[in-house]
Amino acid sequence: HYRRLASDLRANGTAVVADLSGPLREAAAEGGLSVLKTSDEDLAADGLLDEPADEQSLVSVMREIAAGTDVERLVVTRGPRPTLALSRGELLEASGPQIEAVDHRGAGDSVTSGITAGLCWGLPFAEALRVGGAAATLNVARRGLATGRGDAIHALIDQVSVRRRHEELA
């Protein structure tokens with residue numbers, strides 16, 4: 001179902017964003033995705049990444065996933081560490097402001113939601129990644145899932161940096 005849904009949506013000109021792990025991630029990626037978001041924990045749980053994994057291993061796994069699927073952009077969250085993304089072969093790193101986390105639950109979903117919103121607004125991918133980082137930062141700074149208001153997320157966007165990573169890792 002996930003493969004067919006992704007394939008049908010893409011064939012009809014719809015951008016498809018998915019936040020999945022395991023067989024569902026594999027099926028959706030096979031169908032084709034505009035953005036696939038997963039986490040290093042999910043990749044380790046699926047046996048694709050050793051724990052603890054260094055960045056070079058993670059980037060290698062990201063490149064393998066991207067090469068073996070029809071995924072335009074792959075985003076991997078790493079808890080409090082910077083998020084890594086492959087955007088059409090280019091490695092990016094997104095970092096938010098340093099804060100003391102109150103509750104980490106929902107941070108990955110906030111990244112996905114922020115990226116999706118940014119793309120819907122017509123932002124370039126790197127800017128959408130900043131929106132995702134801002135949404136996740138706000139999420140972990142408070143208790144209660146999905147309690148961050150749009151104005152508070154927008155206030156944090158300028159504090160999220162996205163930089164190109166050179167091939168020193170790959």
Handout entry: Residue identified as under 30 Å from A152 (Cβ atoms) and modelled with pLDDT of 95 or more among L43, L74, L20
Key = L74
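Which residue, of P80, P97, is surrounded by fewer than 18 Cβ atoms within 10 Å (Cβ to Cβ), out of contact with any helix residue (DSSP H, G or I) (no Cβ under 7 Å at 6 or more places or on another chain) and closer than 30 Å to H154 by Cβ? Steps first, answer last, please.
Working: P97 fails: out of contact with any helix residue (DSSP H, G or I) (no Cβ under 7 Å at 6 or more places or on another chain).
Just a single option satisfies the conditions, and that option is P80.
Please count how many residues of the range 111-126 are touching a strand residue (DSSP E or B) at 6+ places or on another chain (Cβ under 8 Å) and open to solvent by 40 Å² or more (accessible area, probe 1.4 Å). Spell out the reasoning first.
Keep residues of the range 111-126 that are touching a strand residue (DSSP E or B) at 6+ places or on another chain (Cβ under 8 Å), which gives 111-112, 115-116, 119, 125-126.
Narrowing the set further to residues that are open to solvent by 40 Å² or more (accessible area, probe 1.4 Å) leaves 116, 119.
Qualifying residue count, the range 111-126: 2.
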Completion exercise
Going through the range 70-86 in order, the residues found to be assigned to a strand (DSSP E or B) and charged (D, E, K, R) are E72, R73, R78, R81
Exercise for the section: Exactly one condition in (1) hydroxyl-bearing (S, T, Y); (2) open to solvent by less than 50 Å² (accessible area, probe 1.4 Å); (3) under 18 Å from V17 (Cβ atoms); (4) not in a loop (DSSP other than H, G, I, E, B) is not met by T137; state its number. Expected result: (3)
Problem - Unmet criterion (only one of (1) in contact with a Ser or Thr (Cβ under 6 Å, 6 or more places away or on another chain); (2) assigned to a strand (DSSP E or B)) for G108 - result: (2)
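The values are calculated or read from the model by the stated rules, or taken from the named source; none is laboratory data. The structure presented is a predicted model; accordingly, all values stated were derived computationally and were not measured. Don't worry about glycine lacking a Cβ; one is built from the backbone with ideal geometry, like all the others, and counts go over all protein chains shown. Accessible surface is based on the protein model in full, side chains and every heavy atom, while ligands, DNA and RNA are left aside. Shrake-Rupley method; radii C 1.70, N 1.55, O 1.52, S 1.80 Å.
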